[in-house]
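Below is one structure; the comments refer to it alone.
What follows draws every value from the coordinates through simple rules; no lab data is involved. Quick caveat, the model's predicted, so the values are computed rather than measured. Neighbour counts are summed over all protein chains in view; Cβ atoms, including those assigned to glycine, are modelled from backbone coordinates with ideal geometry.
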Amino acid sequence: MTRSNVRASAEFSSSTSADRRAKRRIPTWLWVVLGILLAIVVVLLSPIFAVIFLVILITGIVALAKNSRTWLRFRSRKAAAWVTAVAAVGFLMTAGITNAAVVNSPPKNPVALAATPVSAATPTASATPTASRPTPTPTPTPTATPFQLVSVIDGDTIDTSLGKVRLIGIDAPESGSWGYDQAMRELTGFLAPGGAVLVSVPGRDDKDQYGRLLRYVQVNGEDAGTHMLRSGWAIARYDGRDGYGSHPLQATYISVDDSAPMPAEPAPAPAEPAPAPAEPAPQPAQPEPAPADPAPATDPHFGTCKEANANGYGNYVRGQDPEYDWYSDRDKDGIVCEF
């Protein structure tokens, strides 16, 4: 092949390639449309693209740090750097779009701040319910049930025709404790007029662990728990402060309890000393024996020594026996009436 033919063939080949490139060139407006569509897809699928860009970003950082090829097959560090930069920008954009969509999205189930009871709602001709407005849940209404009193067990528990009832939110002294008798008498006097009702409290347990009904008790609209707290023979207890759940009258009970403390138990009276043992009754005085008649100072005086001797008397000594002088000492020996 001559040189002219080669040159002609090369020119023909280059012109042919140029023609092909001109035929394959995409118009600018099409690129713009594709870009807009891609942006819309990215916005709609921003959470998914955010995850994809994050994976590419981490992969690019690892490739740059280790200077090795990854599953993306980067041809050079320059390519890895460009892909990592594009992934970082894409992640920031898609993550921002996702965050804005989540923050600005309205709640699916709006919460009603105040629910109007069904009985209090007054429908009007212009008020027509719509499908988009949720129907508020009516607040449960407490029910009042009349009962017959059987007995008062203590200051916070009664026995009724409906069963045993434990008054909500108060605690009174138990049997054997100080104040038990006073609290029981106080509650008995409060319920004496009759016409009492049990009032249920929505949202709390219906019964306690002993099977007693948990209720408010009212007489002519006056609450028994408030009365017992005001009297001082009960305290506010078993409520939201100690894990039993709050009740509608909790704030009132606490306020009344603070203003009327329970009376203190009086000090025990000092023990009286044991009585001293009684002294034995004095014995009646014994009459003193009558004094014996004193012995006669002298023997009987007889007329003669013979008579004295006959009666057993004699031998009177001069200077010793006064009887000596009664008789005559004829022999002058100092003794008279010798035997």
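What the table below lists for this structure:
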| item | result |
| --- | --- |
| Residue-count net charge about S255 - beta-carbon cut-off 15 Å; Lys, Arg +1, Asp, Glu -1 | -1 |
| Point-to-point label distance, E288-T304, nm (Cα→Cβ direction, 7 Å offset) | 4.8 nm |
| Cα pair distances exceeding 23 angstrom across region 185-339, given as percent | 68 percent |
| Note, ³J(HN,Hα) from phi for region 154-163, Karplus 6.51, -1.76, 1.60, rounded to Hz, x at Gly and Pro | 7, x, 9, 9, 9, 10, 10, 5, 9, x |
| In sequence order, calculated HN-Hα J values of region 76-88 (Karplus, 6.51, -1.76, 1.60; Hz; x Gly/Pro) | 7, 5, 5, 5, 4, 5, 5, 5, 5, 5, 4, 5, 5 |
| Fraction in percent of alpha-carbon pairs per bin - 5 Å, region 144-259 | 2, 13, 24, 27, 22, 11, 2 |
| Charge dipole of region 199-339 about the Cα centre (unit charges at C-beta), most positive-ward option of H227, A269, Y216 | Y216 |
| Paired Rg and Dmax values of region 29-102, which use every Cα atom, in angstrom | 13.9, 41 |
